[in-house]
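Enquirer: Below: one structure in structure tokens.
The values are calculated or read from the model by the stated rules, or taken from the named source; none is laboratory data. Bear in mind the structure is a predicted one, so any value in this text is a computation, not a measurement. Neighbour counts are summed over all protein chains in view; Cβ atoms, including those assigned to glycine, are modelled from backbone coordinates with ideal geometry.
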Amino acid sequence: MKFKHIQKHVMPYVMMVTFLLMATVNSIYGADMAGRYLISGAGKDSCRSFVDADTVGKSYYRAWLSGYISSHNFNSKDTYSIVNKTEVSELEAWLRGYCFSNMTHTYDQAVKGLMRKLEYFKKKNYYDK
């Protein structure tokens, strides 16, 4: 008798909660309650630092950008490749242009701006052309 009561009255709530949890899992991002998160490495640097970087410095920024892109691809819905067929030189040229105009912004802000631009041209899955 108890089992039928549980099955009839409790299970619909359990199923509803389970469904809601499953529906929200993909929309959760890592940040604190205020939406803040720690930026490390080159992302903390100013755009001026990026613009003024020598050859070694440019490699540092390129490596940080590559990691950011990989993370973006992994964590973004319907994204196989945010850069699609865009060459690294094109990405860096866009970032340089942004940073020349916004010297006090961080490199992270510049890269986020680039990601917003690339969103329209991304490759959504492996089989896209």
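Enquirer: Consider the range 83-129. How many of its residues are touching an Asp or Glu at 6+ places or on another chain (Cβ under 7 Å) and either surrounded by 17 or more Cβ atoms within 10 Å (Cβ to Cβ) or of a type in the set (S, T, Y) (or both)?
Expert: Count: 2.
Enquirer: Does T79 qualify as being at pLDDT below 95, surrounded by 13 or more Cβ atoms within 10 Å (Cβ to Cβ) and in contact with a Lys or Arg (Cβ under 7 Å, 6 or more places away or on another chain)?
Expert: yes
Enquirer: Would the range 104-121 turn up any residue that is closer than 22 Å to A31 by Cα and of a type in the set (S, T, Y)?
Expert: Checking the range 104-121: at least one residue is closer than 22 Å to A31 by Cα and of a type in the set (S, T, Y).
Enquirer: Does the range 107-118 contain at least one residue that is modelled with pLDDT of 90 or more, aliphatic (A, V, I, L, M), in contact with a Ser or Thr (Cβ under 8 Å, 6 or more places away or on another chain) and part of a helix (DSSP H, G or I)?
Expert: yes
Enquirer: Mind checking whether some residue in the range 43-63 is touching a residue at least 12 places away in the same chain (Cβ under 8 Å), basic (K, R) and exposed (fewer than 10 other Cβ atoms within 10 Å of the Cβ)?
Expert: no
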